[in-house]
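Remarks on the structure that follows.
The values are calculated or read from the model by the stated rules, or taken from the named source; none is laboratory data. All values derive from a computational prediction rather than experimental measurement. Here Cβ is always computed from backbone atoms with ideal geometry, including for glycine, and neighbour counts include all displayed protein chains. Accessible surface is based on the protein model in full, side chains and every heavy atom, while ligands, DNA and RNA are left aside. Shrake-Rupley method; radii C 1.70, N 1.55, O 1.52, S 1.80 Å.
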Amino acid sequence: MRFPESDAERAWSVSLAVALVALVGGSLAFPDRVYGGFVWHYFWGPVYADAHSASCAVWDGGAQTLLYGASECAAASGIVAEPGYTLVSEAGYALTLVFMVIGVVFLLRRLRVGESYSFLYALFPFMLFGGALRVVEDANDAVAGAFVSYPLNALLISPVIYFTVFFVTLASLLLAVWLARSGYTDGYDRPLFALGAGWLTLTIAYLCVLVVVDSNVAFHPVFTVLTFVIAGLVTAADYWLLTRYAPGVLSGTGFAGVVVIFGHAIDGASNVLGLDFGKELGLAYDLYPKHPVNKFVVDVTSQYVPASVTQLTGDAWPFLLLKLVAATFVISLFDDQMYEENPRYTVLLLVAVLAVGLGPGTRDMLRATFGV
């Protein structure tokens with residue numbers, strides 16, 4: 001069945017075109033202010049610096065300079081971009097994510113897929129794959145001589161990696177749909193899950209090879225085991241509390257809501273283990289937070305919680321509680337009516353909510369597991 005372009009699809013396409021014209025046109029007309037001060041400063045500059053394992057990159061009238069010392073970065077006179085995220089870039093990614101989710105809904109409608117929660121379960125290994133693929137770049141920085149150099153390694157750095165994983169997932173979805181409609185499988189969900197598991201297995205296998213061939217990459221499986229155990233326990237506790245005292249929270253999502261909470265528990269647990277107990281569990285040093293929210297929580301905890309307490313519990317444990325509360329609250333916003341009126345959009349929103357927890361959580365877990 002072929003669908004004519006709807007007003008909503010047309011409006012989405014026009015909005016995308018307007019945004020691209022504004023960014024490209026503004027960058028050409030005002031390169032220092034629009035491109036250098038916004039696009040490069042918050043989005044491409046951090047990727048460029050990270051891809052070269054630099055402390056920062058400096059934009060000065062079109063010239064890009066890589067600096068490798070914190071003091072040099074602090075003294076630089078141009079626009080300085082450091083690897084990692086800022087509140088501006090995270091807000092930009094969030095808005096882009098919501099916008100692209102709408103576009104993907106239109107795509108799924110034309111493919112006639114994604115209307116049940118089985119689609120979320122089928123995409124679960126792709127979210128693990130996205131986090132694992134980012135660790136390939138972390139490991140690439142750690143090995144003696146990069147296996148993947150610039151510009152190819154930029155495909156593994158945020159935000160470019162989001163597009164990399166998206167197109168891998170899209171290609172896998174198209175293949176799974178083709179297999180189902182050609183009669184090779186009963187549905188597209190299971191082959192899609194299998195393809196995601198295959199990509200994840202290949203990525204983990206590559207990291208395991210690095211453990212064998214380079215001493216800078218190690219193997220500490222205790223982090224993965226403990227992350228899943230802790231996440232499973234706190235998710236089970238949250239589920240028990242919800243079913244006993246607030247059964248309406250999961251009424252709109254059922255088991256899919258539990259999966260989303262578990263994904264965010266992975267994020268919280270991996271941060272607690274890597275940031276506060278890295279050395280105790282075998283690493284040479286505790287890991288450092290990669291996101292502004294993580295760092296903010298750690299800073300606030302260390303400032304207001306007595307040192308006698310944080311010496312035992314660490315500074316990152318409130319982040320696990322924050323992830324559980326936030327995920328549970330978001331799940332409570334989904335109800336039966338929302339699903340009945342627009343099932344594909346509802347399922348895809350849940351996929352997005354799960355991805356923003358499980359993807360970074362997998363990265364933090366595997367960073368610790370492979371000591372990078």
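Based on protein heavy atoms only, the stretch 252-314 ends up with 46 Å² per residue of surface accessible to a 1.4 Å probe.
Taking the chain, the Cys residues with no second Cys beta-carbon under 4.7 angstrom are CYS208. In the stretch 291-364, a dipole from Cβ-located charges (positive for Lys and Arg, negative for Asp and Glu) runs towards its positive end, and of THR362, GLN311, PRO292 it is GLN311 whose Cα lies farthest in that direction.
Could you please state, rounded to a whole Å, how far the C-alpha centre of the stretch 278-342 is from the C-alpha centre of the stretch 17-71? Centre-to-centre (Cα) distance: 30 Å.
Among the chymotrypsin sites (Phe, Trp or Tyr not before Pro) within the stretch 256-296, those in coil by DSSP and having at most 11 neighbouring Cβ atoms inside 10 Å are TYR285. Taking a ≥ b ≥ c as the square roots of the Cα gyration tensor eigenvalues, with a/c under 1.5 meaning rounded and otherwise prolate when a/b beats b/c, else oblate, which class fits the stretch 173-233? Taking the square roots of the gyration eigenvalues as a ≥ b ≥ c, the stretch 173-233 is oblate. Separation between the ALA76 and ALA29 pseudo-spin-labels, each 7 Å from Cα along Cα→Cβ, expressed in nm? Between ALA76 and ALA29, the label points sit 2.8 nm apart.
Using the Cβ of ALA81 as centre and a radius below 13 Å, the other residues enclosed give a net charge of -3, where K and R count +1 and D and E count -1.
Taking only the Cα atoms of the stretch 227-372, the radius of gyration and Dmax are 16.3, 52 Å.
Annotation note: trypsin sites (Lys or Arg not before Pro) in the stretch 236-338 located in DSSP loop regions with a Cβ neighbour count of at most 15 within 10 Å are LYS279. Two tests apply to each whole DSSP H helix in the chain, Cα reach of 27 Å or more along its axis and mean Kyte-Doolittle hydropathy of at least -0.5, and the ones passing both are 7-29, 87-111, 118-142, 160-181, 189-213, 222-245, 255-276, 343-369.
Probe radius 1.4 Å, ligands and nucleic acids ignored: give me the carbon and sulfur share of the accessible area of the chain as a rounded percent. The value for the chain is 68 percent carbon and sulfur by accessible area. Both radii are taken from the alpha-carbon atoms of the chain; with Rh as the Kirkwood radius, Rg/Rh is 0.97.
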